[in-house]
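Participant: Supplied in structure tokens, the structure appears directly below.
The values are calculated or read from the model by the stated rules, or taken from the named source; none is laboratory data. Keep in mind the model is a prediction, meaning the values are calculated, not measured. Neighbour counts are summed over all protein chains in view; Cβ atoms, including those assigned to glycine, are modelled from backbone coordinates with ideal geometry.
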Protein chains: 2
Amino acid sequence: MAVRLAEVAAEAGVSAATASRVLNGSSRRPAEEIAERVRAAAERLGYYPNAQAQALARSSASLVGLIVHDIADPYFSTIARGVQERLSGSGIQVMLASTGRDSALELEAVRSFMSHRTDAILLAGSRGLSDDEELVVALERYQGSGGRVVMIGQPLDLAGGIHLDNRGAAAALAAELLAAGHRRFAVLAGDPALITAAERVAGFVERLAEEGIEPLLVSEGVFTRDGGHDDMSRLLEAGALDLDSGQVCVFCANDVMALGAMTAIREHGLAVPSDVAVAGFDDIPTLGDMVPSVTTVRLPLEEIGRQAADFVLSEVDETYRESVRGEPVLRESTAVRS
Amino acid sequence: MAVRLAEVAAEAGVSAATASRVLNGSSRRPAEEIAERVRAAAERLGYYPNAQAQALARSSASLVGLIVHDIADPYFSTIARGVQERLSGSGIQVMLASTGRDSALELEAVRSFMSHRTDAILLAGSRGLSDDEELVVALERYQGSGGRVVMIGQPLDLAGGIHLDNRGAAAALAAELLAAGHRRFAVLAGDPALITAAERVAGFVERLAEEGIEPLLVSEGVFTRDGGHDDMSRLLEAGALDLDSGQVCVFCANDVMALGAMTAIREHGLAVPSDVAVAGFDDIPTLGDMVPSVTTVRLPLEEIGRQAADFVLSEVDETYRESVRGEPVLRESTAVRS
DNA sequence: CTGAAAGCGCTTACAG
DNA sequence: CTGAAAGCGCTTACAG
């Protein structure tokens, strides 16, 4: 179908070997006069190298696999942008899999990436990964055959990657809220089976404990906007926050939960922050345009994506971990009632 | 490095041909007893087929290339999710390129996807594509060698795809706002060089004209959150909306512009919607949790992604165009001042 | 039903 | 510097 190297070589009156050396880089550089002829022939014929044939001959595909739970989630899509940006111009292409937190799909993606002989697999997201026997076996096999595994925001004994200090950042947020004067807290924890959610809650609660404060309650639920909305509705209906005794500051395990919670608070005729203060985590883009603007922890997601890509570009140690920390951003949603 | 088919065949005591037929699908099905032996050997050795070798032998890579301007933009990431979802389980992998509206990077992505012998290239985003001579030449060459080009949300003479009826949907939004009682309008048009932005503005303004109404002004600027913010600030500072004469309804060419504009309005001590009503376009996820909630046009982005993937799965006509329409959603931000 | 062999389109030691 | 040839790991007519 497409033009082959042999045709270019014939057109230029040289061997395939020479054409290959001219067109696709090599230490041996043919004479300029010949090189020129080859380039002209390639241009004339519209030649594009067959990446599959090159990969096979070179035993290297120049491919990276990126696995996320949901590419439409700003958390993951911003990381993906960072990865893309850093890899741009390197000649390495990104294969994307969005698995919807389905471990069967995740395993399928890993296997497909193995088949495609990707140089590395970047795994973003969070789950009790160590539990997933089959996935771990597949990844170990991948590593055994020279593949590189980079974890983003979740630990895995066998691989290095980017560690997000969810615990430390949540603790820092708690510290700022305490310093602002808050004393009564509640936590919308999301799904405790998600490592990310669990760590954020733990860091927050531990920091409170250092001050001798215990949250009124820690409510488990779903790690989504609707999860935050429904949890908050339930708590308010049950009167669980005892608002008559004063303002309560609610920490939500991520921003979209915080948005859902704020809407629920309003639906119950209450005000943010004077009745219920709300804080989230992630700093998703639209947060600053909310009214009131929303307190959160800012995560350098794009930078995280870039750093993950750096693991591929520069051959650092297999199990090296880069630690990234979030930074609390106090906004109007946690103003203390005067 | 990795296990090869030949080793599996040897382990099972059969030929490579037989092993191939058992493992990687074929019309010829070997005897069950032998098949079982081959499968066991593959399992024992941890065999994964080399996708590059398969692609080369089959002359088909089972790959699709997706080009977006910015994967972190919800518009594109939601489309990407739809594409992924529909392709999931089909054995087709997605190669992703996020080009940041840089036409050189876009061309590079197309060439790389051609090299990788992708079955199709899905182009999302909007620009004066027909102007880009090199891109058009490359895409035509791609089509000539059997590749399929699917345009998403932007036209290109040589290819079919998903047509977004930006013009019609913007007109429908204008109709609803008129029906609600608005009579004084302004438009934050974004960048008129972007086809998407231009069509939305045209549809909106044309519908007003049918009612004999002309907007107070159409302001050009940048198609981003900050663009909306800065445009609105400038207009308010200049007193361009003549608010003393009554409420003005401002149509922004996309949602993030609307968010920026709303923040600017508040910064100037004015209220949404009573002083200035605001409408956007796209229906990005957090819009419903805003206060006031924001009027917009809902686009079925995920469905658009799925349909684009369908172009690849089912071999429809090369230039077939599926038209998708957005639906106006009136919310609090455009309530008429009573 | 099974296998030997050619072929997919490149790259790269190895000779010349 | 240039070219003939083997090899990358599969698939698939073609024989048997």
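Participant: Which count do you get for residues in segment B:79-114 that are polar (S, T, N, Q), over 24 Å from B:Gly144 (Cα atoms) and modelled with pLDDT of 95 or more?
Facilitator: So the count comes out to 1.
Participant: I'd like the residue in segment A:305-335 that is at pLDDT 95 or above and among the β-branched types (Val, Ile, Thr) and, out of all such residues, is farthest from A:His163 (Cα to Cα).
Facilitator: If we take residues in segment A:305-335 being at pLDDT 95 or above and among the β-branched types (Val, Ile, Thr), then A:Thr334 is farthest from A:His163 (Cα to Cα).
Participant: Right, here's the next one. Among the residues of segment B:70-80, are any more than 9 Å from chain A (Cβ to nearest Cβ) and either within 15 Å of DNA strand C (Cβ to nearest atom) or free of Cβ contacts under 8 Å to residues at least 60 places away in the same chain (or both)?
Facilitator: Within segment B:70-80 (the criterion being more than 9 Å from chain A (Cβ to nearest Cβ) and either within 15 Å of DNA strand C (Cβ to nearest atom) or free of Cβ contacts under 8 Å to residues at least 60 places away in the same chain (or both)), the answer is no, since none of the residues qualifies.
Participant: Also, quick follow-up: With the condition being surrounded by 21 or more Cβ atoms within 10 Å (Cβ to Cβ), I'd like the strands (runs of 3 or more DSSP E) fully within segment B:225-338 carrying at least 3 qualifying residues.
Facilitator: Filter on segment B:225-338 gives B:248-252, B:276-279.
Participant: Right, here's the next one. How about segment B:83-100: which of its residues are of a type outside the set (A, V, I, L, M, F, W, C) and either free of Cβ contacts under 8 Å to residues at least 40 places away in the same chain or surrounded by fewer than 22 Cβ atoms within 10 Å (Cβ to Cβ) (or both)?
Facilitator: Listed by number, the residues that qualify are B:Glu85, B:Arg86, B:Ser88, B:Gly89, B:Ser90, B:Gly91, B:Gln93, B:Ser98, B:Thr99, B:Gly100.
Participant: Kindly check whether there is at least one residue in segment A:142-149 that is in contact with a Leu (Cβ under 9 Å, 6 or more places away or on another chain), away from chain B (no Cβ under 14 Å) and in contact (Cβ under 8 Å) with a residue 12 or more places away in the chain.
Facilitator: Yes, that holds for at least one residue.
Participant: Need the failing condition index for B:Ala138 against (1) touching a residue at least 60 places away in the same chain (Cβ under 8 Å); (2) within 11 Å of chain A (Cβ to nearest Cβ); (3) on the phi < 0 side of the Ramachandran plot, just the number.
Facilitator: Exception for B:Ala138: condition (1).
Participant: Right, something else. Does A:Leu122 qualify as being more than 7 Å from every other protein chain (Cβ to nearest Cβ), touching a residue at least 40 places away in the same chain (Cβ under 8 Å) and within 20 Å of B:Met114 (Cα to Cα)?
Facilitator: When the stated conditions are applied, A:Leu122 does not pass them.
Participant: Which is of a type outside the set (Ser, Thr, Tyr) and crowded, with 20+ Cβ neighbours inside 10 Å, of A:Ala169, A:Ala209, A:Ala180, A:Ala193?
Facilitator: The conditions single out A:Ala169.
Participant: Just the residues that are touching a helix residue (DSSP H, G or I) at 6+ places or on another chain (Cβ under 8 Å) and among the small types (Gly, Ala, Ser), please, taken from segment A:173-213.
Facilitator: Once the filter is applied, which keeps residues that are touching a helix residue (DSSP H, G or I) at 6+ places or on another chain (Cβ under 8 Å) and among the small types (Gly, Ala, Ser), segment A:173-213 yields A:Ala174, A:Ala175, A:Ala180, A:Ala186, A:Ala189, A:Gly190, A:Ala202, A:Gly203.
Participant: Hey, another quick one. Cβ-Cβ distance below 9 Å, separation of 6 or more or different chains: which pairs start in segment A:300-319 with a residue that is touching a residue at least 24 places away in the same chain (Cβ under 8 Å) and end on one that is aromatic (Phe, Trp, Tyr)?
Facilitator: A:Leu301/A:Tyr75; A:Leu301/A:Phe76; A:Phe311/A:Tyr320
Participant: A further question on this structure: Just to be sure before I move on: is A:Ile67 away from DNA strand C (no atom under 16 Å from the Cβ) and not assigned by TED's automatic domain parsing to the domain that holds A:Asn254 in the structure I sent?
Facilitator: So A:Ile67 passes the test.
Participant: Return yes when A:Leu135 is within 24 Å of B:Tyr48 (Cα to Cα) and in a strand (DSSP E or B) and no when it is not.
Facilitator: no
Participant: Within segment A:175-201, track down each residue that is in a helix (DSSP H, G or I) and closer than 17 Å to A:Gly280 by Cβ.
Facilitator: Once the filter is applied, which keeps residues that are in a helix (DSSP H, G or I) and closer than 17 Å to A:Gly280 by Cβ, segment A:175-201 yields A:Ala175, A:Glu176, A:Leu177, A:Ala180, A:Thr196, A:Ala197, A:Ala198, A:Glu199, A:Arg200, A:Val201.
Participant: Determine if segment B:32-47 includes at least one residue that is under 41 Å from the mean Cα position of the chain (by Cα) and without any contact (Cβ under 8 Å) to a residue 40 or more places away in the chain.
Facilitator: Checked against the condition, which is being under 41 Å from the mean Cα position of the chain (by Cα) and without any contact (Cβ under 8 Å) to a residue 40 or more places away in the chain, segment B:32-47 yields at least one hit.
Participant: Please note which helices (runs of 4 or more DSSP H) are completely contained in segment A:1-100 and include at least 2 residues that are within 15 Å of DNA strand D (Cβ to nearest atom).
Facilitator: Answer list for segment A:1-100: A:5-12, A:16-23, A:32-45, A:51-58.
Participant: A further question follows. Looking only at segment B:309-330, filter to residues that are touching a Gly at 6+ places or on another chain (Cβ under 9 Å) and of a type in the set (Asp, Glu); which one of those is nearest to B:Ala180 (Cα to Cα)?
Facilitator: By that ranking, first place goes to B:Glu322.
Participant: Kindly establish whether A:Val218 is touching a residue at least 24 places away in the same chain (Cβ under 8 Å) and either under 24 Å from A:Pro155 (Cβ atoms) or crowded, with 24+ Cβ neighbours inside 10 Å (or both).
Facilitator: Considered against the rule, which asks whether it is touching a residue at least 24 places away in the same chain (Cβ under 8 Å) and either under 24 Å from A:Pro155 (Cβ atoms) or crowded, with 24+ Cβ neighbours inside 10 Å (or both), A:Val218 comes out as yes.
Participant: Of all residues in segment A:52-68, how many are over 11 Å from A:Gln93 (Cα atoms) and either within 8 Å of chain B (Cβ to nearest Cβ) or not aliphatic (A, V, I, L, M) (or both)?
Facilitator: Total meeting the criteria: 8.
Participant: Of everything in segment A:81-119 that's within 7 Å of chain B (Cβ to nearest Cβ) and of a type in the set (Lys, Arg), which residue is farthest from A:Pro155 (Cα to Cα)?
Facilitator: For segment A:81-119, the residue satisfying everything is A:Arg117.
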